[in-house]
Amino acid sequence: MKIRILAFVLVICFISCRKSEIPLSKFVGTWHDTEYIIPGKSSIVIKKDSSFYYKSAGCDWRVVSKGNWKIIGDSIELNSTTSDTCYKMFPFVECIFYEENNRKDILTIPNCDPRNNASFAIFSKEKFYIKNDSLIYKLKSSSKCPDTLKIIFARTPKIKK
């Protein structure tokens, strides 16, 4: 009898220690940036079919990206796929000091001429997690960005100040 009770208690302990995963429906949908630093806006559309679409635009610039996502623990990881349209490419997040900005343009198609300053953001194992009602970016140490940089998206579009 003692063995049955002990086994029952152990099973309950193991079940209660198991980390519950966040349901996919928490991530799926359209997420809008929450910062209004310059005239512009960004959004990420996360679809049920494990694909995503990112777009960002400002006064004279346009950025897009598309790719696939997967759940890793309590986070979603976004990875871009290649594009058959001519764009300048750059990482989703990369902090470059002004004096170091001597990088040569990388293009999606060699020797093409991007129209209208169109760019393609490369999502490479970019992770986001949900806290309250926000989708928060996990900053990589390789980005060279200060840890004070916060990239946060919400379900509702921002209100211009």
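Students sometimes get this wrong: rank Arg155, Arg62, Arg115 by accessible area, probe 1.4 Å, all chains present, largest first.
Arg115, Arg62, Arg155
Under a point spin-label approximation (7 Å from Cα along Cα-to-Cβ), what is the Ile109-Ile159 distance to one decimal in nm?
Each label point lies 7 Å from its Cα, and together they span 4.4 nm.
Which sequence of Asp84, Asp133 reflects their accessible areas, 1.4 Å probe, from the largest down?
Most to least solvent-accessible, the answer reads Asp84, Asp133.
Label Asp60 and Ser25 with points 7 Å out from Cα along Cα→Cβ: what is the distance between them in nm?
4.7
Let me spell out the model: positive unit charges on the Cβ of Lys and Arg, negative unit charges on the Cβ of Asp and Glu, origin at the Cα centre of region 23-154. What dipole size does that give, in debye rounded to 20?
Value, rounded to 20: 320 debye.
How much accessible surface does Tyr53 have with a 1.4 Å probe, in Å² rounded to 10?
90
The values are calculated or read from the model by the stated rules, or taken from the named source; none is laboratory data. Note that the structure is a prediction, hence the values are computed from the model and not measured. Note that we place each Cβ from the backbone using ideal geometry, even for glycine, and neighbour counts take in every protein chain shown. Heavy atoms of the whole protein, side chains included, go into the accessibility calculation; ligands, DNA and RNA do not. Shrake-Rupley method; radii C 1.70, N 1.55, O 1.52, S 1.80 Å.
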